[in-house]
1. Taking the stretch 281-386 as the region of interest, what is the percent of Cα-Cα pairs per 5 angstrom bin, listed from the shortest bin to the one with the maximum distance?
2. What dipole magnitude, in Debye to the nearest 20, does the chain give about its Cα centre under +1 on Lys/Arg Cβ and -1 on Asp/Glu Cβ?
3. May I ask for the equivalent-ellipsoid semi-axes of the stretch 416-667, computed as the square root of five times each C-alpha gyration tensor eigenvalue and listed largest first in whole Å?
4. Among 346-357, 201-212, what's the highest-first ranking by average C-beta atoms within 10 angstrom per residue?
5. Report the one residue of SER712, PRO666, VAL737 whose Cα lies farthest in the direction of the positive end of the charge dipole of the stretch 623-771 (charges on C-beta: Lys and Arg +1, Asp and Glu -1; origin at the Cα centre).
6. For HIS314 paired with ALA660, estimate the spin-label separation in nm (one decimal), with each label point 7 Å from Cα along the Cα-to-Cβ line.
7. To the nearest whole percent, what portion of all C-alpha pairs in the stretch 518-576 is separated by more than 12 angstrom?
8. For the stretch 629-771, rounded, prolate or oblate, judged on the Cα gyration tensor with a ≥ b ≥ c (square roots of eigenvalues), a/c < 1.5 rounded, else prolate if a/b > b/c?
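FYI, it's all coordinate maths here, none of it is from the lab. Here the structure is a predicted model, which means the values were calculated and not measured. Cβ placement follows ideal geometry from the backbone for every residue including glycine, while neighbour counts extend to all protein chains displayed.
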Amino acid sequence: MSDLILRRRTVLGGMLGAAALTAGPLTLPAWADASTDELRQRWHTLLTGGPTVDPSDPDLAVAIARIDKLAKSALTTLDRSANRTTLWPDLASTTLSNHVASNLRRIKQLAVAWGTTGSAYAGNAQVAEDVLGALDWMYANRYSPTLPRYDNDYDWEIGGAGAFADTLVLLYDVIDPALRAKYTAAINHYTNDPNLWRADRQIATGANRVWIATVVAVRAVLDGDTAALVRVRDAISDVEGNGANSVLAFNDAPGRTDGTGEGFYSDGAFLQHWKHPYNGGYGKELLGTLSSLLYLLGGTPWTVTDPDLDNIYHWIDDAFDPLIARGDLMGSVCGREIARPSKQNHAPTQTVIEGALRLIPAAPADRAEQLTALVKQWITEDTFRDFLTVTDPASLVAARAVLASGTPARGPLVLHKQYPRMDKAAHHRPGFTIGLSAYSSRIYNYESIQTEHLHGWHLSDGMVLVYDDDLGHYSGDYWPTVDPYRLPGTTVDTRRLADSYGFRSTSAADWVGGAAVPGTTIGAYGMDLRGHGTELRALKSWFLIDDVMVCLGSDISGPGAVETIVENRKLRTGQETFTEAPGYCHLAGTGGYVFPDQTSVRVLRENRTATWREINLKYGTDVPVTRPYQTVWIDHGAAPVAQGYYYVQLPTASLAATEAFARTRPVRRLRADATVHAVRLRNVLAANFWTAGSVDEITVDGPASVVVAGGSVAVSDPTQARTSVTVDLTGPGRRLVSADEGVQVTRRGSGWRLVVDVTNRHGGTAAVTFH
């Protein structure tokens, strides 16, 4: 056995069985000799809040009422007839596997109500009979080892299996042991190995591995199968695969040889389905499910002891916090889930908060305090969706303990962060947040599988998402109603595309990324855009300097009609004032847009009507929804050659501030061509070099992104293909203070030469400080 595996099995034993730091259902007692019966009680508590839940508590009463509402709806439509051919008429398909899983989830809803203290259905004999009868029908007609599997493996091995197992936990005491064993055998038939899944037994990776392992764990608890619990513990670290598919280790950790590249990276990126950015989809599900599994196993002989477990706290810091804007998890990293109506209204962040809450009791004291401060911030700053009114009873009790603690909330995030491993960037200022979405030769453009996310064509063509005090902007039916050919920030060929056209595609270009000045909200970001399936090409840059974003484009060429979309904002009322004047425009409640060259722009105020079914055949609805939009774009015309654009976006700026900016023009555009895009604002010089060249005081030897901000210099290789980048800085007066590892700094005349080893930086920034 390798040293790696020995280390994973023996170090940090008991880490997730430490003294509890909060009271309530998520408190972890230390059970050195825990039995599976005790683990079953722990899982029951996670599902229901446990026997100490007080139904007279107003907040808990709301949570219980929500459970009862689901149960009432299921009971009202349940077919109880002796010769029934389905349980529920809307889940009758024998070819769609999600109907199998949805039937089992609906049964679980009844079981949760039956097992929840204070529910109108708690301990109700008729409800128990309904659940047992429904399970018997499912076993006979839909879900057993003797019945055929069809459609999507997820529904058989994860979605359906997990709901089935949870139901057996909830009704454990009223199910005949022999019948229960028959049911767990059915679950084990579909989900028998925490390392493998699908009918052809593929290696499970990322969120799928954690889902599979959790199903195996709950089934093992029901059967008293301690050997399976050992395999579950080891599967999290992929002991059997020598760590190759560990969900805890960063994919870019030294010596890591993961064949799929799926999972978390050290910069906070999360990839699933090979090359799709998915923090807000599979990533948040991995966190939520893993935290539940760690809660189940913590403080027992099956506690996860992998030293890489500490990485889970870095996920919170880097993979989730910077991608959340006052409760809204950026749509650019949610994959096909943005096309599901159930995943809007800040729903993805709920899963992240619940996962973080489950980590607090067993975290080391300093981490527990940090998580408490962060969760308190997340909950209190989201005034659009009240977490306390939507979460489950166990998480509600834990959340209230956090809110009542003496630990102050972290405060608003002020940060500029780039994700070179998934071609995304986040820019947080006190009044707004910007998310940038691109793709390259390394990352896919968008996901559209199983008839979902049919119109995501331009999601990564330079999309700019601005989050301000309109917290519901990207909720309230944004994704079906927004014009998918005019996503803000993108440069597009306007030709009409077929559903799902070009999904899961990489670009022919390597140059995507930028440089970020450490400890500031200053960064440069760029993209060599190659339109998929067209000859469209554009060089695009965004220079984010505190409250200002300078947008440059050059070398825009293509055979069709091409547009650059400055803005496409869903309006709150449809009556917001839009002001247009020479050199600028302004949208009340949103901000200003300055065109220093007095570029002619086109504008449109319209009501857009659509259905969710148009973008999601699987989960969409046919109910038309209408939303008002304000669109601003630059028309490059038909078959443009070497065109460009130049504008400055001022999120949340007032009309007066926009007018003043347009009048004074504090930004200087230094160059915007096929060699370099560069601007200067105050003491910041930011440049994206597409090839070797010079601008102002900077000369580079090849593709690079360079930002000089006062005494700080930030350098990166956005192509992630070079071994070194050489930057020459002219001008006297600089005294070297420090340089990151791998950066050689030498005198060159009155200036300096920086030689940056970028071999293993993967697009990350190297910094040098002068005085």
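1. 2, 12, 23, 24, 19, 11, 7, 3, 0
2. 940 debye
3. Output for the stretch 416-667: semi-axes of 26, 22, 19 Å.
4. In decreasing order of mean packing, 346-357, 201-212 become 346-357, 201-212.
5. Looking along the dipole axis, the top candidate is PRO666.
6. Each label point lies 7 Å from its Cα, and together they span 4.3 nm.
7. Taking all Cα-Cα pairs of the stretch 518-576, the fraction more than 12 Å apart is 75 percent.
8. It is prolate, given that a/c is not under 1.5 and a/b is the larger ratio.
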